[in-house]
Amino acid sequence: MEQLLLKVVHSPVAALIFLVTIATSLAAFQNQWIKEKLILRPYAFAHRKQFFTIITSGLIHADWMHLGMNMLTFWWFAFNLEGYFVYLQCLTPDGVPEEGVQTFNQVLGHSKFFLIYFASLVISDFTTILKYKDIPGYASLGASGAISGLVISTVVLAPAMHHDLYIMGILPGWAFAILYIVSSYISAKRRLDNVGHEAHMWGAIAGLVFTFILMPHQSWVFVEMLQDTFYGWMK
């Protein structure tokens, strides 16, 4: 319990997103008006100026399974990722904690985590809007695009934390990132289900790009790790 509380205290942005998303989703389960008010309908966004839904759609989910899977993934990655951002932000390029600016750097680390989540959510939803803006009946909801961005951001920063990240204990993080983006692209092209694979793909790409923008030095460690891996295969 003490470790759980410390995790929440050290990751206030993730904790707030986690609690608000659960609370809003539960409210939408009970009240159809709330769900309809917050859901993203690309046609309404483009033609009726319902711009706020690009954000609010990430706070509601279709059902208990949808909410449970997203929040479980969020729990696994988001709280650790926010901690990564804060820790890495407080280090110099030589790996030594900076003196006298810790508080500022901590706030900056929390802010960068929020920006990754926000950017991944907005970009994943905006690509959906562009594709379906002329289809009145199409609707989208859920935090999957934003969470995809967090997962890929964690993969990129793991080498800088000296972590060997394996998804499900067997798949290297870098391989997962490639397979996730490629499989989302293929699934989006095939359209065999009602899952927003485009949102997953673009959320993941947003997480990748913004991590490199916000943490360029640490992200380059990921590139060097890839180079070493492929060089080792070619020897």
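Enter the accessible area per residue of the chain (Å², integer; probe 1.4 Å; all protein chains in place). If you can, show how the numbers build up before the last one.
Values: 12930 Å² over 235 residues.
Per residue, the chain has an accessible area of 55 Å².
Express the Stokes-Einstein translational diffusion coefficient of segment 36-171 in µm² s⁻¹, to the nearest whole number, given a Kirkwood radius over alpha-carbon pairs, 37 °C and a viscosity of 0.692 mPa s. Walk me through the numbers on the way to the answer.
Numbers: Rh = 16.6 Å.
The estimated diffusion coefficient comes to 198 µm²/s.
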Starting from a Cα-only point model with no solvent, please compute log10 I(q)/I(0) by Debye for segment 1-77 at q = 0.18, 0.19, 0.20, 0.23 1/Å. -0.78, -0.84, -0.89, -1.04
How much length, in nm to one decimal, is gained on full extension between LEU6 and TRP76, taken as 0.36 nm per residue of separation minus their Cα-Cα distance? 23.7 nm
10 Å-binned pair-distance histogram of segment 98-184 (Cα, whole percent): 14, 34, 31, 16, 4, 1
Sorted by accessible area with a 1.4 angstrom probe, largest first, how do MET225, MET65, MET71 fall? MET65, MET225, MET71
Just to confirm a number: summing +1 for Lys and Arg and -1 for Asp and Glu over residues other than GLU82 whose beta-carbon lies under 11 angstrom from that of GLU82, what do you get? +2
Name the most mobile residue of GLY203, GLY173, GLY58, meaning the one with the largest mean-square fluctuation, in a Gaussian network model of the chain with Cα contacts below 10 Å. GLY173
At 7 Å along Cα-to-Cβ for each site, give me the label-to-label distance between ALA27 and PHE104 in nm. 3.7
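Work the Kirkwood hydrodynamic radius out for segment 132-235: mean of 1/r over every pair of different alpha-carbon atoms, inverted, in Å. Show your work: numbers first, answer last.
Details: mean 1/r = 0.0671 Å⁻¹.
This gives a value of 14.9 Å.
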Treating each Cα of the chain as an identical point scatterer and ignoring solvent, apply the Debye formula and state log10 I(q)/I(0) at q = 0.08, 0.11 Å⁻¹. -0.32, -0.59
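Leaving ligands, DNA and RNA out of it, report the carbon-plus-sulfur percent of the accessible area of the chain at a 1.4 Å probe.
Numbers: 8650 of 12930 Å².
Exposed carbon and sulfur together represent 67 percent of the surface.
Report the calculated FRET efficiency for LYS133 and TRP64 (r = Cβ-Cβ distance, R0 = 25 Å), to the nearest 0.05.
On the way: r = 30 Å, r/R0 = 1.20.
According to the calculation, E is roughly 0.25.
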Based on alpha-carbon positions alone, could you give the equivalent ellipsoid semi-axes of segment 144-199 from the gyration tensor, as √(5λ), descending, whole Å? 24, 12, 8
Expected output is a single nm value to one decimal: the length gained when fully extending between ALA46 and SER111, i.e. 0.36 nm times separation in residues minus the C-alpha distance. What is it? 20.5 nm
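The values are calculated or read from the model by the stated rules, or taken from the named source; none is laboratory data. This structure is a prediction, so every number in the text was calculated from the model and none was measured. In this analysis, Cβ positions are derived from the backbone assuming ideal geometry, glycine residues included, and neighbour counts consider all displayed protein chains. Surface areas here come from the heavy atoms of the whole protein model, side chains and all, with no ligands, DNA or RNA. Shrake-Rupley method; radii C 1.70, N 1.55, O 1.52, S 1.80 Å.
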